[in-house]
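The values are calculated or read from the model by the stated rules, or taken from the named source; none is laboratory data. Note that the structure is a prediction, hence the values are computed from the model and not measured. Counting neighbours? That spans all protein chains shown, and the Cβs are built from the backbone with ideal geometry, glycine included. In case anyone asks, the SASA skips ligands and DNA or RNA and just uses the protein heavy atoms, side chains included. Shrake-Rupley method; radii C 1.70, N 1.55, O 1.52, S 1.80 Å.
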Amino acid sequence: MAPRLRLALPQILTLGFLSIILIGTILLSLPIASRTGHMTSYINAFFTATSATCVTGMTVVNTAMHWSVFGKIVILMLVEIGGLGFMTFAVLLSVFMRRKVDLTTQLLTQQSLNLQSFANTRSVVSLVVRLSLSIQLLGTLLIFVDFYPRYGFVKGLGYSIFHSISAFCNAGFDLYNNSLVGFQDDPYLLFVLTCLIISGSLGFLVWKDILFYREDHYLSLHTKLALTTYLGLIVISFVVFMLTEGNFGGQIHLSFFDRLMNSYFFAVTPRTAGFYTVPLTQISLGGTFFTMILMLIGGTPGSTAGGIKTTTVGILLIRVWATLRGKRDATFWGRRFSNDNVSRSLTLVFLVAVVLSIATLILTFTETVPKADGIQYILFDVVSAFGTTGFTLGLIAHLSLIGKLIFAALMFMGRVGIFTVMYSLLTSKRPEDAFRYPEENVMIG
């Protein structure tokens, strides 16, 4: 009897996402998926399926012009599955079929949604689905108020559904040629979209704590750190973009309030949403650099966002501040972060730096870079792909085959999680070492 192949949980999660991407690739390559009725090349279908499943929004073909209604529905389905996590849908299917959710599925869902325990998997998944659908439905209705006078009922409703899902899942897909540049003077729509983006990138566990606060009168340390870091980044980003872009003073056709709303929009979207109202090529050098920092940080763990996550940045900042003050422990709101928390945060940042550096180096050989643009032409898009933001300075439209594969890998690692991917590749079946070597210090700094 052949031995059973046992896969670790990270490997199952990785293979699950790859399976969704493969199915999406096949569907998007079909003639019915394109407006011309011709097959889309497998590499372009694969890139788009990866971008949608990893809720990035990077495209090598124009979403509005290339894909048919069927193709756009496939993209939306991939965005929804990728945003909420395919294990969420697995649990939901089991509930509908009135089947018991087995232990493996609960463990996978726990890891997929960053749950502390799997004791209440079904209730959390139910909350995630109900909350997500409710917010997206409300977003659709609010956007429809704006789109109905523009496009009529059918097209207005279709556009409202598409952009509501895309915004909540932080996917950045749009049905226009230049993102939302045509809506610079529509503060209502921009505000609704930022609310959807924030709702999706806050994280489901944060929402759970907020919604049940009246009953429990308790917020976890994770929620407190996530909210503090997230809101702090919005305020800091708004101030920085006001300084670097002068409240977009170059957009002289806009009123002061409209320019203010565009500054706020840019303070929210770079951390994984991918929408923009001012062409990225018109952003100052300082604004471009700060946008790269925001894309790298991303959203909150357990959300639809990518990046190294806000809590990682929060823990490291607190740890650095504690070290500089000569304190032994990193504390926040009367709680001490474990050494494992700090160690994983440092490891994550180091791995991300290595991966992005290697990807950028390879792309300098495989892609054509205008001399006037320099290394930022590549580095900006690399960070954007890993942060699942979808911003580009123009490189994506001219990628080689190798370039498309590298960017697909970056988007995949950014969404699934670099730890999950690395564990999938490096997990060993050998037992843990039965001994530890003597400890010794080395000089640092």
So S51 fits all but one of (1) open to solvent by 40 Å² or more (accessible area, probe 1.4 Å); (2) at pLDDT 60 or above; (3) under 19 Å from G200 (Cβ atoms); what number is the exception? (1)
Mind checking which pairs have a first residue in segment 340-363 that is of a type in the set (S, T, Y) and a second that is open to solvent by less than 20 Å² (accessible area, probe 1.4 Å) and in a helix (DSSP H, G or I), Cβ under 7 Å, 6 or more apart or different chains? S345/T312; S345/I315; T360/I378; T360/V382
Output the residue which, of all residues in segment 270-288 that are without any contact (Cβ under 8 Å) to a residue 60 or more places away in the chain and of a type in the set (A, V, I, L, M, F, W, C), is surrounded by the most Cβ atoms within 10 Å (Cβ to Cβ). I283
Just the residues that are farther than 23 Å from F266 by Cα and either buried (at least 16 other Cβ atoms within 10 Å of the Cβ) or free of Cβ contacts under 8 Å to residues at least 24 places away in the same chain (or both), please, taken from segment 376-404. L399, G403, K404
L316 passes all but one of the listed conditions (1) surrounded by fewer than 20 Cβ atoms within 10 Å (Cβ to Cβ); (2) touching a helix residue (DSSP H, G or I) at 6+ places or on another chain (Cβ under 7 Å); (3) farther than 24 Å from L202 by Cα; the exception is number (3)
Filtering helices (runs of 4 or more DSSP H) wholly in segment 150-249 for at least 1 residues that are over 18 Å from G302 (Cα atoms) gives 153-168, 187-201, 213-216, 221-245
If we keep just the residues of segment 305-339 that are without any contact (Cβ under 8 Å) to a residue 12 or more places away in the chain and part of a loop (DSSP other than H, G, I, E, B), which is nearest to the chain's Cα centre (by Cα)? S338
Please state which of the following conditions D329 fails to meet, knowing it meets all the rest: (1) open to solvent by less than 30 Å² (accessible area, probe 1.4 Å); (2) modelled with pLDDT under 85. (1)
